Amino acid sequence: MSALPPYASPLQRTWFYSFRFICGLIFFFLIFPIMVILPLSFNAQDFFTFTKEMLSLKPEGYSLKHYNDFFTNPDWQQALKNSFLIAPVATLLATTFGTVAAIGLSQSHVPFKPVIMAILISPMIVPLIISAAGMYFFFSYIGLQGTYVGVVLAHAALGTPFVIITVTATLVGFDRSLVRASASLGANPVTTFFKVQMPLIIPGVVSGALFAFITSFDEVVVVLFLGSAGQKTLPWQMFTGLREQISPTILAVASLMVFISIALLTVLELLRRRSERLRGVTPG
Amino acid sequence: MSDTTQDGQVLTTQDGRPLKAALGRALFREKLRAFLLVAPLLIFILITFVAPIIDMLHRSVENSIVEETLPKTVVALQEWDPGSGEVPDEAVFAALYDDMVVAVDKKTHTRLGSRLNYEQSGISSLFRKTGRRIKRMDEGEPLKDQFLAADKKWGDVTTWQVLKQFSPAYTGGYFLNAFDAKLGPEGVELKPADERIYLFLFGRTLFLSIVITLSCLLLGYPIAFLLAALPLRTSNLLMILVLLPFWTSLLVRTSAWKVLLQQQGVINDFLVWINLISDSGRLVMINNQTGTIIAMTHILLPFMILPLYSVMKTISPTYVRAAKSLGANDWTAFWRVYFPQSVPGIGAGAVLVFILSIGYYITPELVGGTSGIFISNRIAYHISSSLNWGLAAALGTLLLVAVLVLFVVYDKIVGIDNVKLG
């Protein structure tokens with residue numbers, strides 16, 4: 001399918017091009033909704049559609065007023081601040097716990113491994129609404145509902161499965177004899193971990209951390225239930241904005257968030273290339 | 001393995017200990033170390049995640065409020081036969097009076113009233129009304145008459161039947177409610193047709209999830225096929241078009257669809273502009289099922305494409321070439337040779353999309369209106385608006401069971417260790 005052979009019949013030729021056309025349409029479906037909000041966020045009017053001025057590319061049709069609103073409105077600023085307070089701490093917790101546990105799980109003699117694995121992965125499988133409901137009941141019981149700590153702990157729990165999965169995946173390619181070599185040369189386990197193991201598994205740790213970060217940064221269901229007005233995050237503010245009074249500022253926020261996603265995607269892609277390159281050089 | 005040499009001597013280590021014991025010790029230490037590494041996270045997840053889920057499961061059957069608020073009445077009611085058709089006697093009313101005096105003092109009677117109101121409407125007002133009258137009652141006079149004078153519902157046998165039915169500390173009542181059923185005098189029966197909502201909502205959740213899964217498959221299969229067939233350089237480039245939506249915030253994508261699908265939105269404007277529809281005939285594509293299906297298909301499509309792609313990547317092109325050289329035409333070669341090999345990918349992708357979609361909350365809430373909402377929206381409603389937490393827990397438990405069953409299927413197809421990200 002990658003190229004049309006020279007002997008293709010007219011029917012095959014037609015099918016080849018129409019298949020590509022269909023795929024083009026599906027790619028368009030995937031990317032268009034994300035791309036369309038970028039120009040719309042510069043709308044000078046409070047509309048959610050292209051105005052005549054915008055279509056004729058007149059400068060007066062465009063403005064930065066929605067961005068201006070985002071950076072001056074105290075509600076949005078509070079939400080932005082909360083998002084950047086909660087997500088990094090949750091990421092740090094999830095990455096630390098997750099990496100250590102993944103290293104433990106990768107050893108050959110772990111008792112009850114399948115059960116432990118199932119429990120550790122479960123936050124990723126259980127639908128968010130159920131996690132949110134359970135945590136709401138339980139956290140209000142122990143007095144963590146509506147607190148910053150409660151939201152951070154919940155987000156950390158939701159992020160750990162991703163760290164476990166990515167770090168476990170990199171540990172599969174990790175040569176255990178390196179640890180033994182390091183120990184035989186007199187390094188203690190902590191030195192071995194930081195000097196030998198960590199540099200090799202760092203791509204998995206970083207991509208796990210990115211997954212954990214985006215999980216917390218995007219998460220809205222749990223924060224809606226567990227948080228109070230003081231823990232409003234960006235997704236929360238967007239959610240209430242979309243449900244109640246939909247304002248075009250949301251489009252400006254959405255555009256900024258698309259750029260965050262592009263940045264994360266780039267970092268991940270670079271990491272993937274790096275680990276592929278490393279895998280090509282290191283034996284076995 | 002034998003731990004003795006041929007002449008019967010026990011193998012020892014350098015320092016004279018038996019080899020077997022030394023090995024066992026080393027193994028134990030290694031196990032302990034592995035476990036100690038896993039333990040912090042395990043404890044963390046058990047406290048912050050597993051305990052809340054167990055608490056929710058418990059809450060779906062827990063019902064100690066009647067026993068706690070009216071302890072004496074519950075004991076007194078044990079003698080009473082709910083099938084007799086007669087209101088309990090003076091002794092029960094005396095117990096009820098004692099309990100109510102305490103409950104009104106602690107102001108717990110209204111909570112009990114609203115709890116029992118889920119089972120039989122009207123009980124909430126009955127308890128509030130009686131609570132106001134209780135101080136004026138005279139302990140010396142017959143209490144039964146005074147209660148009946150306070151509210152004639154105390155003379156209604158069904159009130160007492162509900163009270164007796166829900167006096168045990170555990171109840172299946174929330175689950176019956178979740179199945180649109182209730183416990184009548186003749187056992188379990190379905191509620192009147194106009195009160196049945198949950199079975200319908202479960203049905204709709206399943207139906208919409210199937211439609212979303214199928215449309216993801218329909219759109220995802222060609223894309224995965226193309227990506228797997230193209231040279232790596234091109235396919236990596238096109239993969240960005242799949243991964244960018246995957247990494248974009250769920251709310252960004254939902255708000256994009258909200259903007260696109262509105263009646264004054266981009267799609268309708270475009271259709272009017274090319275004269276396909278008239279200005280008065282703008283399509284209603286949001287706040288209904290269409291909105292939910294379109295937006296969720298877009299959001300979940302990467303979860304279909306990625307597993308399909310990783311399976312198709314492993315299918316060797318030589319099989320299709322062999323089929324063609326043996327005389328198969330393009331379609332036969334695809335359908336008989338390529339497609340069967342891609343079925344594991346279809347299974348993995350479909351189960352994943354289905355699991356994700358039956359528990360979805362945000363997107364249906366924002367673009368689904370009233371006709372496109374899922375069971376999860378009802379759970380959220382019971383937690384935050386109607387405060388019927390027991391019913392929310394029961395509905396959540398049912399959803400959880402469904403997801404876990406599906407996950408076991410997924411585990412059988414793909415294996416939990418083979419979950420790949422990005």
Report task. Would you mind listing the helices (runs of 4 or more DSSP H) fully within region A:180-229 where at least 2 residues are surrounded by fewer than 19 Cβ atoms within 10 Å (Cβ to Cβ)? Result -> A:189-192, A:198-218
Report summary line: Subset of region B:40-83, residues of a type in the set (A, V, I, L, M) and closer than 28 Å to A:T95 by Cβ, comes to B:L41, B:L42, B:I43, B:I45, B:L46, B:I47, B:V50, B:A51, B:I53, B:I54, B:M56
Query raised in the report: Quick one: in region B:7-33, which of the residues that are touching a Pro at 6+ places or on another chain (Cβ under 8 Å) and either surrounded by 15 or more Cβ atoms within 10 Å (Cβ to Cβ) or assigned to a strand (DSSP E or B) (or both) is farthest from the other protein chains (Cβ to nearest Cβ)?
Result: B:V10
Requested in this report: Would you mention how many residues in region A:232-262 are crowded, with 22+ Cβ neighbours inside 10 Å, among the polar types (S, T, N, Q) and more than 10 Å from chain B (Cβ to nearest Cβ)?
Outcome: 2
**Report entry** Selected residue [within 13 Å of another protein chain (Cβ to nearest Cβ), touching a residue at least 40 places away in the same chain (Cβ under 8 Å), open to solvent by 60 Å² or more (accessible area, probe 1.4 Å) and under 29 Å from B:T254 (Cα atoms)] from A:F21, A:F47, A:F28
**Finding:** A:F47
Requested in this report: Could you grab me the full set of residues in region A:90-128 that are surrounded by fewer than 17 Cβ atoms within 10 Å (Cβ to Cβ), within 14 Å of B:R33 (Cα to Cα) and of a type in the set (G, A, S)?
Outcome: A:S108
Report task. Only one of these is at pLDDT below 90, more than 9 Å from chain A (Cβ to nearest Cβ) and either within 30 Å of A:P203 (Cβ to Cβ) or touching a His at 6+ places or on another chain (Cβ under 6 Å) (or both): B:V414, B:V409. Name it. Result -> B:V414
Query raised in the report: If only one of B:T297, B:T205, B:T254, B:T248 is within 12 Å of chain A (Cβ to nearest Cβ), open to solvent by less than 10 Å² (accessible area, probe 1.4 Å), in contact with a helix residue (DSSP H, G or I) (Cβ under 7 Å, 6 or more places away or on another chain) and free of Cβ contacts under 8 Å to residues at least 24 places away in the same chain, which one is it?
Result: B:T248
Query raised in the report: Does B:Y174 fit the bill of being among the aromatic types (F, W, Y), within 22 Å of B:G396 (Cα to Cα) and at pLDDT below 85?
Result: no
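Residues are listed down the side, and each one gets a yes or a no for (1) in a helix (DSSP H, G or I); (2) more than 8 Å from every other protein chain (Cβ to nearest Cβ); (3) more than 17 Å from the chain's Cα centre (by Cα); (4) in contact (Cβ under 8 Å) with a residue 12 or more places away in the chain:
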{"site": "B:Y319", "(1), (2), (3), (4)": "yes, yes, yes, yes"}
{"site": "B:A333", "(1), (2), (3), (4)": "yes, yes, yes, yes"}
{"site": "B:S342", "(1), (2), (3), (4)": "yes, yes, yes, yes"}
{"site": "B:A348", "(1), (2), (3), (4)": "yes, yes, yes, yes"}
{"site": "B:T363", "(1), (2), (3), (4)": "yes, yes, no, yes"}
{"site": "B:L404", "(1), (2), (3), (4)": "yes, no, no, no"}
Report summary line: A:T192: passes all of (1) out of contact with any helix residue (DSSP H, G or I) (no Cβ under 6 Å at 6 or more places or on another chain); (2) over 30 Å from B:V259 (Cβ atoms); (3) more than 10 Å from chain B (Cβ to nearest Cβ) but (1)
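The values are calculated or read from the model by the stated rules, or taken from the named source; none is laboratory data. From a predicted model like this one, the values you see are computed outputs, not experimental measurements. Cβ sites come from the backbone with ideal geometry, for glycine too, and all protein chains shown count toward neighbours. Protein only, heavy atoms only, side chains kept; ligands, DNA and RNA dropped before computing areas. Shrake-Rupley method; radii C 1.70, N 1.55, O 1.52, S 1.80 Å.
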